[in-house]
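K.L.:
After the structure tokens below, expect a handful of questions from me.
The values are calculated or read from the model by the stated rules, or taken from the named source; none is laboratory data. For clarity, every value in this text was computed on a predicted model and none was experimentally measured. Virtual Cβ from ideal backbone geometry, glycine too; neighbours counted across all protein chains shown.
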Amino acid sequence: MVDKDLVVPRYLNQLMDIVKSYEMYIRSNIKDLDITMGEVPILLAIYDDEGLNQIDLVKKFHVTEANISKTTKHLLQKGFIIKEIDSDNNTKKLLYVTEFGEEICKELIEFYEVWKNEIISDVPNENLSIFSQVLDTFTNNSQKYFEK
């Protein structure tokens, strides 16, 4: 008999369960915000690091330029972000969150904080620190595959 943990490591399934739980929670809370689950991480990335361009987002999320172009177009149409031409490079368009987009980001962050506090409420801080370090290692190691 094959050990299933060797085929798909249990921790990988657990990480996917956490992500799905997060998505379900956020999806249930964004119904009135006129934003999709696919737009949430893009908007938050721009909020976190204003002045990004679309290529920066492609690299950050490992998706196609077409995907980012479509998503940022929707965010522009909804009034969440604006594009400004880079004063140093006229062909480069930088992305910024509008005041309205900032309000949405703050709500999204509040939703996240509630969800996060619920799932970590009974986990000791030292365990969270170790878990964070392990996730950093997993992330860094997995990024190597995208850089090839």
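K.L.:
I'm trying to understand the selection: among the residues of the range 83-97, which are touching a residue at least 12 places away in the same chain (Cβ under 8 Å), of a type outside the set (Lys, Arg) and farther than 13 Å from residue 35 by Cβ?
P.N.:
Once the filter is applied, which keeps residues that are touching a residue at least 12 places away in the same chain (Cβ under 8 Å), of a type outside the set (Lys, Arg) and farther than 13 Å from residue 35 by Cβ, the range 83-97 yields 84, 86, 94, 95, 96.
K.L.:
Collect the residues in the range 79-110 that are assigned to a loop (DSSP other than H, G, I, E, B) and closer than 14 Å to residue 49 by Cα, keeping them in residue-number order.
P.N.:
The one that is assigned to a loop (DSSP other than H, G, I, E, B) and closer than 14 Å to residue 49 by Cα: 98.
K.L.:
Between 119, 68, which is β-branched (Val, Ile, Thr) and either more than 25 Å from residue 26 (Cβ to Cβ) or modelled with pLDDT of 95 or more (or both)?
P.N.:
Going through 119, 68 in turn, just one is β-branched (Val, Ile, Thr) and either more than 25 Å from residue 26 (Cβ to Cβ) or modelled with pLDDT of 95 or more (or both): 68.
K.L.:
Residue pairs, Cβ under 6 Å, 6 or more apart or interchain, first in the range 119-148 and closer than 23 Å to residue 20 by Cβ, second assigned to a loop (DSSP other than H, G, I, E, B) and at pLDDT below 90. List them.
P.N.:
146/62
K.L.:
Another question about this same structure. Name, by its number, the condition in (1) surrounded by 14 or more Cβ atoms within 10 Å (Cβ to Cβ); (2) β-branched (Val, Ile, Thr); (3) more than 27 Å from residue 139 (Cα to Cα) that does not hold for residue 58.
P.N.:
The single condition residue 58 does not satisfy is (3).
K.L.:
Further, regarding this structure: Which one of these is of a type outside the set (Phe, Trp, Tyr), in a loop (DSSP other than H, G, I, E, B), under 26 Å from residue 69 (Cα atoms) and modelled with pLDDT of 95 or more: 35, 46, 42?
P.N.:
35
For every residue, the table says whether it meets (1) within 15 Å of the chain's Cα centre (by Cα); (2) farther than 30 Å from residue 34 by Cβ.
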{"site": "62", "(1), (2)": "yes, no"}
{"site": "68", "(1), (2)": "yes, no"}
{"site": "76", "(1), (2)": "no, no"}
{"site": "108", "(1), (2)": "yes, no"}
{"site": "121", "(1), (2)": "no, yes"}
{"site": "125", "(1), (2)": "no, yes"}
{"site": "134", "(1), (2)": "no, yes"}
{"site": "143", "(1), (2)": "no, yes"}
